[in-house]
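One structure below.
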Amino acid sequence: MERDLAWWREELEGAPAVLELPTDRPRPAVQSFRGARHPIALPAGLVERLRTLARGEEATLFMVLLAGWQLLLARWSGQDDLVVGSPVANRHRAETEGLVGFFVNTLVFRGRLEGDPTFRELLRRARRGTLGAYAHQDLPLEAILDALQVERDPARNPLFQAALVLQNAPAHRLEMRGVELEFVEQEGGTAKFDLTLEAFESADGVAGSIEYATDLFDAETVARLAGHFRTLLEGIAADPDARVRALPLVGARERRELVEAWSRSGDPQPRRGCLHRLFEAQADRVPGTVAVEMGSEALTYAELDRRANRLARTLRARGVRPDARVGLCVQRSPEMVVAMLAILKAGGAYVPLDPGYPAERLAFLLRDSGARVLVAGGGLAERFGAFDGEIVEPAPAEKGGDDARLDVEVSPEHVAYVTYTSGSTGEPKGTEVPHRAFPGFFDGVGYARFDGGEVLLQHSSVSWDAMTLELWPALLTGGRCVLYDGTTPELPRLAETIRRHGVTTLWLPSALFNVVVDGMPELLEGVRQLLVGGEAVSPAHARRALEAFPGLRLVNGYGPSECTVFATCWPVPAGFEGHTVPIGRPIGDRRAYVLDGALEPVPVGVPGELYVGGPAVARGYLGRPGLTAGAFVPDPFSADGGRLYRSGDRVRWRPDGTVEFLGRVDRQVKVRGFRVETGEVEAVLARHPAVREAAVVARDDAAGVKRLVAYVVPDGPLVPDTVREHARAALPEYMVPSALVVLDALPLTRNGKLDRRALPAPAWETDGRFVAPRTPDEEILAGIWAEVLGTERVGAHDDFFALGGHSLAATRVLSRVAKTLGTEVQLRVLFEAPTLAGFAARVAAARIHDAGAELPAIARVARGRAARRGRGAASAPSAAGVPAEAVETPAVQALAPRGARERAAAVVRAGAALVRGAAPPGWQHVRHGVARAALGRPGRGSAAPRAGGDRRAARGAAHGVRGGGGAARAGGAPRGAAGAGAGGPVRPPRCRTCGRAGPPRPRDGARALRPGARAAVPRPPAAARAGRAPALRRHAPRGLGRVEPGGAV
């Protein structure tokens, strides 16, 4: 056993405990085991080619199917390391081959796809792992889980969530003298795991089914999965030396749909031209219309155009030319808009600088952008004392100077602005956005209306590209832009601005949208179009907004800064009931592709990375050719030499052709709508003299809000407040960590990398409101929690998992609760009620239930000689009329009215002869008492087991035998049969050979059927089939035949 355990420890070292398959619905907190099946069939020709491949590698068909199944799951999940389970007969020793009992064990096979091997190499890896697992199969899976301390989660099976079962035992015809038997297809309605591929070999190839959890998957999704498996195996058989990532999952028709139909929008092509030229066209068309207003100040299109022309001449005189970067640091005001237009008219590109940024960051942005001219107003120029370029004040409101338009040669390919976002190298990176990228997100699009009748509100930071959405669609279509009078949006002031100025189109980042819906939904009155995005949109808040304002057009917009505002959009329909809000389809001239690591399209439902193409794609990162080459790649689907932007976002196609966001591929996170590279924050923290190492992650706090958490290893005495102040001096407010955790050392994986999963949860501050435990139970439980979690105090409303709890800690808590309070509670209770008060209430309820429960005693029915002599008061049947040993078996539990998780592997229909005549010889040797019980249906309710009568009765409710034929009764027993139904206990038949009453005990070492096990119909020994009935000890049934390793009973 120690040798086996040592092998399993090494084999599963670092193995992922979770298979992250994309699901159609969120995973429930507790696994329900509801399931269904989808049939599969592999033709004989394909199977023979796979067998040929297996023989060439000294492998088996099971190993080929295992490698293919692992590859399919890897492609669907995006993982290159996963674990699959499979049952084995575990009768590889001569001593156990003929032994009665349940010996099946579950083995786990690890699939490693690192390095993108060929399938032939993957098969060799699978062969080595399979043979190693077979050689160490004596160790039960439960012992492995205990030894490895695998975390238990009531929502999923531990260690593996997908399984493979190959029924490769030779098919035997079941025969009983005078009885016809046939296998019956059954739909059990259960699923033991998320996915189970169960296959049967036959002369026609391989047939079987995929069993799936209906809580997670739709039937259409599993049908696609089955189709991908067939396509993948065809590709493997055709070219086993292909790289596993290059093997096909989709056919030609599905590929055309993904690459051509779904990747483009149906919108008309937008206008072409530079931003300032498109604005000038509107100034000529509607010169007297108000273009920009803030409070009581307003500028018409003509006035805005003239003022911008005057400042543009000043900038030209300072040397501004096409593609020259010009810093822009002006408070939100009409002068800000004048300065933007002026920079563009002079041919330059504006570099927005938020006045709220720390001086250190502002200086870096100016230095990195190479700006030699800075437009700064409102007294902000003094913040740039170290700037050695020229500083220009915005144009004054009074008339004077030449306000005619300039004739500067600027093309749509020239840069319009440079926006800085967080950089993974520790420094921000500037994205160069050309003029051609703008019109496609608002001109002629179908997701929203942008024209002269719309009033847009500009409230975002000038440094965020959301400002582009709030400003330019109004100015380039003849609409009106209202500037918010303030730095940070405050709901009352925001509502007043919207009401006063009649705002009709509003942009809100997702986090602010949630705050509005929760706290001041009336703010949206009068708004016709609400554009939301920046991070995942809450479905619940979207539904509430649409219910409160039925006429509101709510749009979920997605777009990285590198793709200019929006790349895809999805108008949320009325009555939306989804679990996630899709990011929609491509808009305007944008293109969207969901690709794998080889830039091949992934099928519907399979996760991939989102790539964006078309004119919206930025020129690149300013002064960073290496970063540009990694993020902007050649477009393999374009004939004009275009490029795709690699977003780093993990998405998938939905069946309706919309894109669903799943998360980030890299470590970039979004906090309050802002993109944050945690590496940049780590670099700033590491510059503190008292910090030796730093790690930053985004975690949800107790309220479910995503916040940055910093973990630091001190280099000497460290005062946390000084580290926070250090971060505030160098970073924007949204990048400053909300919590700081001091560690002796950062946890590392076996490969020496930071183990982010092992970082402890922070002790979130709760505004100083601490509610002490209020009841004796809460006080006791608070002490247990504090001891297990290593925290000083626990309040009534504290969340176990927010305090750093996990499933192993939860197990320790339940153990201490049982010892201290004498109350047994299930693990899922703590998941369902994670606060101290809620958990205490559930513990108290469990104690009351335990005290008041009165379970009926199970009366054992005397058997054999005791039954004949009438000895023992325990001879009465149990309440169900079934022998006690039958009640205690899982087979009877499976028949209990409360539901079932166990079922037989095969159902056999018996002919009428079994009911009318005597049971076949040897049947009486079936050892389980429930096998001599019949299913009676006294009323219209569910079938319930009752004792069968003499040996002529139909037997075998367990083991899947049920009555059939014209003379069969619902109970399966003939009228007049002895038993509970006839007023007496079961009298088991006497063995004619050994004289023993009832079946003998199994040999030592035989296992009883366990919950969750699958048992086969016993096959009587050859002597019994010939009409003789030998003792069971000498002729133990062998089941349905031998099962090779990797197969199942």
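Every read-out reported here was derived from the displayed coordinates using simple, explicitly stated rules and does not represent laboratory data. Because the structure is a prediction, the values reported are computed rather than measured. Here the Cβ is made from the backbone with ideal geometry for all residues, glycine too, and neighbour counts use every protein chain on show.
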Legend entry - Test item: Cα-centred dipole of region 776-847, Lys/Arg +1 and Asp/Glu -1 on Cβ, debye: 260 debye
Legend entry - Per-residue Cβ neighbour rank within 10 angstrom, fewest leading, HIS579, HIS688: HIS579, HIS688
Inset, instruction - Just flag the GluC sites (Glu not before Pro) in region 538-591 sitting in loop per DSSP whose Cβ has no more than 13 other Cβ atoms within 10 Å. - result: GLU577
Legend entry - Residue among THR60, PRO16, ALA44 farthest towards the positive dipole end of region 1-138, charges placed on Cβ: ALA44
Inset, instruction - Multiply the residue gap between HIS579 and THR775 by 0.36 nm, knock off their C-alpha separation, and tell me the result in nm, one decimal place. - result: 66.8 nm
Inset, instruction - Could you list the chymotrypsin sites (Phe, Trp or Tyr not before Pro) in region 484-587 that lie in coil according to DSSP, counting only those with at most 16 other Cβ atoms within 10 Å of their Cβ? - result: PHE576
Inset, instruction - With +1 on each Lys and Arg Cβ and -1 on each Asp and Glu Cβ, and nothing else charged, work out how big the dipole of region 506-551 is about its Cα centre, in Debye to the nearest 20. - result: 120 debye
Inset, instruction - Please give the length that would be gained between GLU220 and ALA639 if that part of the chain were fully extended, namely 0.36 nm times their separation in residues minus their C-alpha to C-alpha distance (nm, one decimal). - result: 147.4 nm
Legend entry - For LEU644, residues with placed amide H under 5 Å, excluding near neighbours: VAL633, ASP635
Inset, instruction - Rank-order 312-321, 432-441, 233-242 by packing density, defined as the average count of other C-beta atoms within 10 Å over each peptide's residues, highest first. - result: 432-441, 312-321, 233-242
Legend entry - Calculated FRET value between ALA598 and ALA143, using beta carbons and R₀ = 60 Å, to 0.05: 0.90
Legend entry - Rg/Rh (Cα only; Kirkwood hydrodynamic radius) as it applies to region 776-847: 0.90
Legend entry - Contour minus Cα-Cα distance for GLU382 and TRP7 (0.36 nm per residue): 128.1 nm
Legend entry - All aspartates and glutamates inside 12 Å of LYS706 as judged from Cα atoms, apart from same-chain residues fewer than 8 positions distant: GLU535
Inset, instruction - Provide the FRET efficiency to the nearest 0.05 for the ASP204-GLU175 pair, computing r from the beta carbons and using R0 = 30 Å. - result: 0.85
